[in-house]
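Engineer: Have a look at this one.
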Amino acid sequence: MKDNISQADLGQYTWLMQQTADNPWLGFWTCIITVILGVIVFKLGFAQKLPLLKSIIIYTMLVIGCFFLWTMEFAFGAPIMAVLAISALFLGGYRFRLHLHRKQNEQSGSQSSS
């Protein structure tokens with residue numbers, strides 16, 4: 001495949017298309033990374049306890065949606081993986097601070113009732 005595409009032709013494509021021309025597995029792995037980051041962001045920001053069948057449906061739709069997000073990054077160069085990674089970092093920090101706040105409230109509540 002490398003022989004069929006010249007460097008001048010690659011210049012008009014997105015970074016992911018250019019890299020996938022050199023290493024075809026890179027496109028697959030970026031799709032997997034997009035799904036993993038999408039699941040992390042969903043779990044940190046939106047997930048609730050659901051019955052098993054509803055969870056299976058939700059995560060199936062999430063994987064399908066992540067495939068479309070990956071397609072946008074592949075075809076149009078949208079920075080989807082970067083946005084998902086930054087969202088995961090912010091939501092992780094938020095959840096950590098929320099955990100510390102709740103822990104502090106539990107300790108102050110148990111001390112004041114003694």
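Each value in this text was obtained by applying a stated rule to the coordinates, not by laboratory testing. Given the structure is predicted, the values throughout are model-derived calculations rather than measurements. When we count neighbours, we look across all protein chains shown, and the Cβ atoms used for this are built from the backbone with ideal geometry, even at glycine.
Engineer: Run the quick spin-label model on Ser108 and Leu53: label points 7 Å from Cα toward the beta carbon, then report their separation in nm to one decimal.
Structural biologist: Between Ser108 and Leu53, the simple spin-label model gives 4.5 nm.
Engineer: Next question, about the same structure. For the stretch 22-113, which trypsin sites (Lys or Arg not before Pro) pass both filters: DSSP loop (anything but H, G, I, E, B) and at most 11 other C-beta atoms within 10 Å?
Structural biologist: Here the sparse-neighbourhood loop sites are Lys49.
Engineer: Residues of the stretch 57-71 with amide nitrogen under 18 Å from the 7 Å Cα-to-Cβ point of Trp15?
Structural biologist: Those under the cut-off are 69-71.
Engineer: Moving to a separate point now. If I compute percent of Cα pairs over 17 Å apart from the structure I just sent, which labelled value in (i) 54; (ii) 66; (iii) 81 lines up?
Structural biologist: (ii)
Engineer: For the chain, what is the relative contact order in percent, using Cα pairs closer than 8 Å and at least 6 residues apart in sequence?
Structural biologist: The normalised contact order for the chain reaches 30 percent.
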